[in-house]
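Data block below; observations after.
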Amino acid sequence: MPENLVLQKIKKQDQVKEQPALEKAASKKNLLFFFIIIVSFYLRSRGIYNGLPYALNPDESRNLLGILSTIKHLISFNSFESSPLYFYLNALVVFFTSGTIDINNLLNTLEVNPGAFYVPLRLISILFGVGSVIVLYFIGSIFSLLTGLLASGFLAVSLLHVRFSQIFLPFSVMTFFSLLSVLFILKSYLNKNLNLFSSTVCALFSAFTNCIGSLSIIPVLLVQVVKKDFSKFKFLLGSFLLSFLLFNPQLIINFLEFIRYLTTSYINGYYDYRYSSYLLYLFNFLIPGVGPVVWISAFYFFLYRKNDYDLNLLSILFSLPVFYFAVLGLFHLSYSGYAVLLLPYMCLASGMFFNSLSFKRDKKFLFIVLLIFAFYIPLKYVFKYNKIISLSDTRVIATDWVNENAHGDVKIVWDKNSIQTKGFAPYDKNSLKNIGVDPDSLVDKQRFYVSLKLLENKDWFRILRKKVDYVIVNSLDAQMILREPGHKLEKKYYKRLLKLKPFITFNPYLLELEKKVDSSIVEDLYSPLQTLWQRERGGPLINIYKL
């Protein structure tokens, strides 16, 4: 008995000694988690004023016009991708930030100060982006605290996630609710308390922001399959589909147009990727999205280290990205925003790999080196991306110059690639007409589009000189057109124009750099957007020609 008492006292003393050490370790991990949250918010908030006061992103512009259309027409169906509920909630944000629901006042604000709409809507997207980082920490912590910290850290510095958290498209919100649904279902499965209400509601919210978010119900349904409760499986599936269609009436009302939309997407995707792999195309976004170390370690985990964890839990967790990837491949949904939902799962798999590696003492050095590069590479290019988007756009610089130096009623030709990457006008004309706006009153009146129809005319240059005073050209895009095969009319246009002496030349991306820096092979390999590297060091030059 005395010996047992002595042993018990020794154990208690050891526990008392270990408790401060455990508390200290826990406080360090809490500080790390808090630091990750601060970093994720900082990186995303840097792009909140991107492009303003001009509307340079056509996808954001289309989204904003859908919100204004909802305010004008309470029953309006603006998109197949998002439900009317998504637009209603965003319309409330516009109402509270602007203090009015009068469509005329809103349109005046849109013309004079579009940032009054863009900034609060982007802020919401940023908050949901940071929320995804937080939720991912709790999902990873189910497996281990280190997994949670690493997974959330990888997502915090992910270039693709940062990029889509800075603009008010539905992908940031969709990813947040999808991850929240997964967190609830995993907690419920582990506690053997199958209360599926929270996870189902979150899956519905994910589906309301974007139709493809409806796949968030997959883990919930899979739990019923694992439990072999097929009656509940049928009830959940039926209830979810009914609720989804109830809040997405446009899919029923315009069913034929929706089928045509999917068919067009598939056909376009087929012609785009028949000479290569859609899988490789998607990884074109995923690889730079999280960096090469994270995605390689994620695949290594699936191949060799998955048996270190509960396979049933892993099958529930990774069921969503598997089905999601299959749907993307089936319909060839090629927009880069669709890859955002896959990023957290790559971060989780990589976090599990590093967690397993940390237990091997003989590989501590490898663990540290890989971890440094896993954070360094994407973080470096997030800073680079934020720096690039903070620089003045070609349109801003050229417009400022024209306003300062060109007096009187002048007309300008904008080379369409000098304004933005997609399309010519920042706002769709049909969408403007739908909310009662004359497109010419909102779209820059000084802009004159050089159409192919004009270039087919023999006297196209003489006609152009009569119609406009200045031509603004992004020389980088002009050089690309001249190098590529085809584009006969565009080449004729650029060759004739480039023979003229530029009236003035800008090189905005070299203003702060003393000299050009050549990129190395490694930098080019890891650069997420090589054009960022090229533009920071070699242009583009902006040439203004006076006709």
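The values are calculated or read from the model by the stated rules, or taken from the named source; none is laboratory data. None of the values given here were measured: they were computed from a predicted structure. Ideal geometry is used to build each Cβ from the backbone, glycine not excepted, and the neighbour counts take in all protein chains shown.
The number of residues in region 346-360 being over 28 Å from the mean Cα position of the chain (by Cα) and of a type in the set (A, V, I, L, M, F, W, C) comes to 2. Candidates in region 102-118 are the residues that are hydrophobic (A, V, I, L, M, F, W, C) and crowded, with 16+ Cβ neighbours inside 10 Å; of these, the one that is nearest to the chain's Cα centre (by Cα) is 117. In region 133-150 there is no residue that is more than 29 Å from residue 225 (Cα to Cα), in a helix (DSSP H, G or I) and of a type in the set (Ser, Thr, Tyr). Annotation note: of 330, 357, the sole residue that is touching a Lys or Arg at 6+ places or on another chain (Cβ under 7 Å) and either among the aliphatic types (A, V, I, L, M) or not in a helix (DSSP H, G or I) (or both) is 357.
For the criterion of being touching a Gly at 6+ places or on another chain (Cβ under 7 Å) and buried (at least 23 other Cβ atoms within 10 Å of the Cβ), residue 141 fails.
Among the residues making up region 298-322, those that are surrounded by fewer than 19 Cβ atoms within 10 Å (Cβ to Cβ), in contact (Cβ under 8 Å) with a residue 12 or more places away in the chain, of a type in the set (Ser, Thr, Tyr) and in a helix (DSSP H, G or I) are 300, 315. May I ask you to say which residue of 173, 182, 157, 133 is over 18 Å from the mean Cα position of the chain (by Cα) and surrounded by 21 or more Cβ atoms within 10 Å (Cβ to Cβ)? Unique residue meeting the criteria: 182. Check region 190-210 and report whether any residue there is surrounded by fewer than 23 Cβ atoms within 10 Å (Cβ to Cβ) and within 24 Å of residue 305 (Cα to Cα). Within region 190-210, one or more residues are surrounded by fewer than 23 Cβ atoms within 10 Å (Cβ to Cβ) and within 24 Å of residue 305 (Cα to Cα). Within region 91-103, residues that are in contact (Cβ under 8 Å) with a residue 60 or more places away in the chain and assigned to a helix (DSSP H, G or I) have Cβ atoms under 9 Å from residues that are surrounded by fewer than 16 Cβ atoms within 10 Å (Cβ to Cβ) and of a type in the set (S, T, N, Q) in no pair, counting only partners at least 6 apart in sequence or on another chain. Residue 349 meets each of the listed conditions (1) small (Gly, Ala, Ser); (2) at pLDDT below 80; (3) under 23 Å from residue 171 (Cβ atoms) apart from (2).
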